Amino acid sequence: MKGIRIGLSLGELAGDTSGGLEASVQQFARAEASGFQTAWVPNIFSFDAMTLLALAGLRTRSIELGTAVVPTFSRHPFYMAQQALSTAVATGGRFVLGLGPSHKVVIENMLGLSFHRVAQHVEEYVRVVKTLVETGKAAFQGECYRVNAGLQVAGARPFPVLIGGLGPRMRKIAATIADGTITWMTGRRTIGETLAPQMQAAARAAGRKDSPRIVCGLPVVVTSDAAGAREAASKSFALYGQLPSYRAMLDLEGAKGPGDVVVAGDAREVERQIEALAAAGVTDLNAAVFPYGPDARASFERTYEVLAELARR
């Protein structure tokens with residue numbers, strides 16, 4: 001599809017981990033055969049995202065494979081870079097590392113770690129990871145991290161690093177230090193009027209030649225009952241309307257709940273909404289297929305095939 005790459009969200013958000021590891025890996029082979037350019041995996045409470053992508057890399061040849069996203073606070077940047085480089089080798093250089101700080105409720109309440117000075121932490125984290133990925137060594141002295149170490153991962157080559165940059169400082173980090181951003185539950189208007197212009201301006205001011213990559217993650221459903229699908233999605237994704245970072249993006253969009261940013265409608269309407277995302281500055285769609293209606297499997301397949309056809313154009 002002109003102006004935007006169409007990718008799939010696989011793993012937990014796609015609801016396809018219950019069949020086990022083999023079934024999850026097969027989803028990537030199917031996505032590649034269907035013509036999708038990218039596939040993205042969240043790192044939540046099921047399979048480790050990079051382990052899954054390393055296995056998927058051995059079963060595929062061309063599809064780009066990325067994390068959306070791996071939490072930073074719970075893993076030292078040295079070991080993040082080590083695992084990411086190993087995954088990049090397993091995928092034959094088709095890997096994208098999406099990073100994000102996660103949420104206070106996860107980092108503090110669940111893991112018992114400190115969710116302190118988030119933007120400073122992310123900035124230093126990305127600097128360390130990028131340096132290790134690009135040069136194989138880091139001599140970094142910051143406020144959050146002090147790293148003096150090197151890596152030797154045979155066959156590894158540098159790969160893009162994206163961050164979940166929602167706030168103004170995070171967007172600047174994404175545009176000037178990382179290679180772009182990967183969002184979730186952030187609508188077209190917010191991207192077109194706020195996120196994309198700010199990131200593009202920051203990249204230009206930093207003297208970067210390439211525009212930052214903007215990966216937009218949204219639920220997608222092909223249906224004749226868009227209103228009903230949006231209402232169902234608001235219930236299914238209710239948690240994302242409560243987490244502060246996502247709630248801020250929904251408020252900026254003027255959305256009452258997650259359902260208001262879902263890409264929903266018949267095939268032509270879904271195509272039109274994706275075209276609008278591209279016009280707003282989105283470079284990649286990370287589509288989480290959302291089944292809706294009495295036959296969930298049929299709904300999933302209908303949406304999957306419409307997206308695949310758009311990806312093949």
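Every number here is computed from the coordinates shown, using simple stated rules; none is lab data. Computed from a prediction, not measured in an experiment: that's the story for all the values here. Please note: Cβ atoms are built from the backbone with ideal geometry, for glycine as well, and neighbour counts cover all protein chains shown.
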Per GNM of the chain with C-alpha springs under 10 angstrom, the most fluctuating residue out of ALA156, ALA174, ALA264 is ALA156
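Given a cut-off of 24 Å, name the pairs among LYS130/LYS172; LYS172/LYS209; LYS172/LYS235; LYS104/LYS235; LYS2/LYS235 whose C-alpha atoms lie farther apart than that in the structure shown. Numbers along the way, then the final one.
Details: LYS130/LYS172 16 Å; LYS172/LYS209 15 Å; LYS172/LYS235 33 Å; LYS104/LYS235 22 Å; LYS2/LYS235 33 Å.
Beyond 24 Å between Cα atoms: LYS172/LYS235; LYS2/LYS235.
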Along the dipole axis of the chain (charges at Cβ: +1 for Lys and Arg, -1 for Asp and Glu; origin at the Cα centre), the most positive-end residue among PRO258, VAL128, PRO42 is VAL128
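Would you tally the net charge around ASP225, using a Cβ to Cβ cut-off of less than 14 Å, leaving ASP225 out, and scoring K and R as +1, D and E as -1? All intermediate terms of the calculation are to be shown ahead of the outcome.
Numbers: positive: ARG230, ARG302; negative: GLU231, ASP266, GLU269, ASP295.
Surrounding charge for ASP225 is -2.
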Most positive-pole-ward Cα, LEU52, ALA311, SER236, against dipole of the range 5-312 from beta carbon charges: LEU52
Compute log10 of I(q)/I(0) for the chain with the Debye formula, placing one identical point scatterer on every Cα and leaving out solvent, at q = 0.08, 0.11, 0.12 Å⁻¹, to two decimals. -0.33, -0.64, -0.77
So, in nm, how far is label ALA227 from label VAL105 when the simple model puts each one 7 Å beyond its Cα toward the Cβ? 3.0 nm
Choose one of HIS103, GLY142, MET185: the residue whose Cα lies farthest towards the positive end of the charge dipole of the chain (beta-carbon charges +1 Lys, Arg; -1 Asp, Glu; about the Cα centre). GLY142
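Convex hull over the alpha-carbon atoms of the range 1-147: what's its volume per residue in Å³? List each step's numbers first, then the result.
Details: hull volume 17.9 nm³, N = 147.
It is 122 Å³ per residue.
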Springs between alpha-carbon atoms under 10 Å, Gaussian network over the chain: tell me which of ALA288, ALA139, ALA248 tops the mean-square fluctuations. ALA139
Cα centroid distance between the range 101-125 and the range 224-259, in Å? 24 Å
Ranked highest first by the average count of other Cβ atoms within 10 Å around their residues, in what order do 223-233, 104-114, 30-40 fall? 30-40, 223-233, 104-114
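About its Cα centre, what dipole magnitude does the chain give when the only charges are +1 on Lys and Arg Cβ and -1 on Asp and Glu Cβ, stated in debye to the nearest 20? Can you show the working numbers first?
On the way: 33 positive and 28 negative charges, 190 e Å.
The dipole magnitude comes to about 920 debye.
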Work out, in µm²/s and without decimals, the Stokes-Einstein translational diffusion coefficient of the range 106-217 at 25 °C, 0.890 mPa s, Rh from Kirkwood over C-alpha pairs. 161 µm²/s
